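Heads up, the thing below is written out as structure tokens.
The values are calculated or read from the model by the stated rules, or taken from the named source; none is laboratory data. For clarity, every value in this text was computed on a predicted model and none was experimentally measured. With ideal geometry, Cβ positions are generated from the backbone for all residues, glycine too; neighbour counts draw on all protein chains shown.
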Amino acid sequence: MRALKRYQTFFLLLLLGTVAGGFALNTTVNPWRVTPTPWTAPKLEPYRAIEITWNRTSKAGLVRSGTWDAAMFGSSRVDIGLDPQHPVFEGMRCANLGLNAGLLVENHAMFRYFIERQNPRLVVLAIDAGDLSTPPPKVNLTDFPLSPLDPAGNPLERELRYRFGVSTMAASVATVGRAVKDQPAEHSPQGFRLDAAFPPNQRLLISSLYLSTTYRMAMAHTAHDGLSKEKIALVEDIIAACREKNTRLVIFFTPNHALFQLAYRELGDPDPYFAKDRRALAELAAKANAAAPDAPQVEVWDFLDGNPLNSPPLPPADDPGSHLDGWIDLFHATPAIGGQMLDRLNGPGSYGVRLGPDNIDTRVEQVRAQLDDYATRHPEDLGFLKKSLAKFQSAPPK
């Protein structure tokens, strides 16, 4: 019996020691930045990762662990393309809170998490084409339900995971490993993905993954054929929250390569130039500005067009190592283009057009003409688009 008691005592002490050791490791390393403590190691900051499988958790951790004067919200287009250390943010600490594959529902949750904990001077909200005019997804396959962003989550379970969880320990060990090797994480401490690589065969990837995704997006857009009232309400809530804190709000209607835009027209979409999305954003901003003319103006900048920056020709078919100038794929512009978007926060530049209720029709006609010009100048690219889309379309009934 004494031997059994000694074994039980030893096992209990070992268990308690393991738990205490895990707690000490996780809170010292704080790999996802969600458990800031007085003993959290600041020297590990460059090595803390924004992990793909814990993307929402890690970005929420930036909010928890920092004090920010500005933040940018959106999808991976923001994560990859908009540098929070751009000169336009001089004198401000800016966080890149772009979420991988993040749509407006999640971006709104991230914004609410941020605005309830910070007092920013500037918020940039990037909205992707088609997001406002498709319904919210029914299933979320990301870590959102496990992150601090989900109001339906169990907060106690979540906090225990961050401090004692095996997944957190694995992230802590990986963080320490990067520090030992002096290999900074893929993202900067401000949440910006550094040096996003061009794919080895960009043309092949576009013809498969990105145009199949574009096809599904266009089909969903056509099927819905209208604005999502729920998503419009989310934008209104973001505007109201920024007004409450006297925060400047700038909305970006994000760019895509011209082939993405032409795909909607080729597939017979009834609104291939996203006139409804543009008009909705312009009217939301105009309504807010009219209601509070002395508050910081809500601005809407539209970058979705056939501007030369958005319409470089496809790389040659016989050169798999070449790539689109300024584009990682049809969706993700490089920081060089993102920098020209951010220039618009201070006004100068020729990229993008500021939207208002009175210039929507003119803007749509401008986009139509630009895309027509691209298709005329690059017929081989249009042929590539049609051939690629045909792979995803059902064969007509006999």
### Single unsatisfied condition, residue 91 versus (1) of a type outside the set (A, V, I, L, M, F, W, C); (2) surrounded by 24 or more Cβ atoms within 10 Å (Cβ to Cβ); (3) more than 22 Å from residue 172 (Cα to Cα)
(2)
### Task
Inspect region 265-276 for any residue being aliphatic (A, V, I, L, M), under 27 Å from residue 372 (Cα atoms) and at pLDDT 95 or above and give the result as yes or no.
yes
### Single condition residue 230 does not satisfy, out of (1) in contact with a strand residue (DSSP E or B) (Cβ under 9 Å, 6 or more places away or on another chain); (2) in contact (Cβ under 8 Å) with a residue 24 or more places away in the chain; (3) over 21 Å from residue 311 (Cβ atoms)
(1)
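Residues 318, 343, 381: which one is over 17 Å from residue 273 (Cα atoms), in a loop (DSSP other than H, G, I, E, B) and among the charged types (D, E, K, R)? Steps first, please.
Numbers: 343 fails: in a loop (DSSP other than H, G, I, E, B); 381 fails: in a loop (DSSP other than H, G, I, E, B).
After ruling out the rest, the residue left standing is 318.
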### Query
Does residue 276 meet the test of being over 22 Å from residue 342 (Cα atoms), free of Cβ contacts under 8 Å to residues at least 24 places away in the same chain and not in a loop (DSSP other than H, G, I, E, B)?
no
### Close pairs from region 66-88: first assigned to a loop (DSSP other than H, G, I, E, B), partner at pLDDT 95 or above and of a type in the set (Lys, Arg), Cβ under 8 Å, at least 6 apart
66/33; 66/93; 67/93; 68/93; 69/93; 69/121
### Query
over 30 Å from residue 44 (Cβ atoms), of a type in the set (Gly, Ala, Ser) and touching a Pro at 6+ places or on another chain (Cβ under 9 Å), is that true of residue 275?
no
#### Entry: Residue within region 245-259 that is part of a helix (DSSP H, G or I) and either more than 21 Å from residue 125 (Cβ to Cβ) or in contact with a His (Cβ under 6 Å, 6 or more places away or on another chain) (or both) present
yes
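Which residues, taken from region 192-222, are closer than 20 Å to residue 271 by Cβ and not hydrophobic (A, V, I, L, M, F, W, C)?
Of region 192-222, the ones closer than 20 Å to residue 271 by Cβ are 211, 213-222.
Passing the criteria: 213, 214, 215, 216, 221, 222.
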### Task
Would you check if residue 206 is assigned to a helix (DSSP H, G or I), closer than 29 Å to residue 71 by Cβ and β-branched (Val, Ile, Thr)?
no
### Task
Mind listing just one residue for me: the one in region 174-208 that is among the hydrophobic types (A, V, I, L, M, F, W, C), in contact (Cβ under 8 Å) with a residue 12 or more places away in the chain and more than 27 Å from residue 334 (Cβ to Cβ) and, of those, surrounded by the most Cβ atoms within 10 Å (Cβ to Cβ)?
179
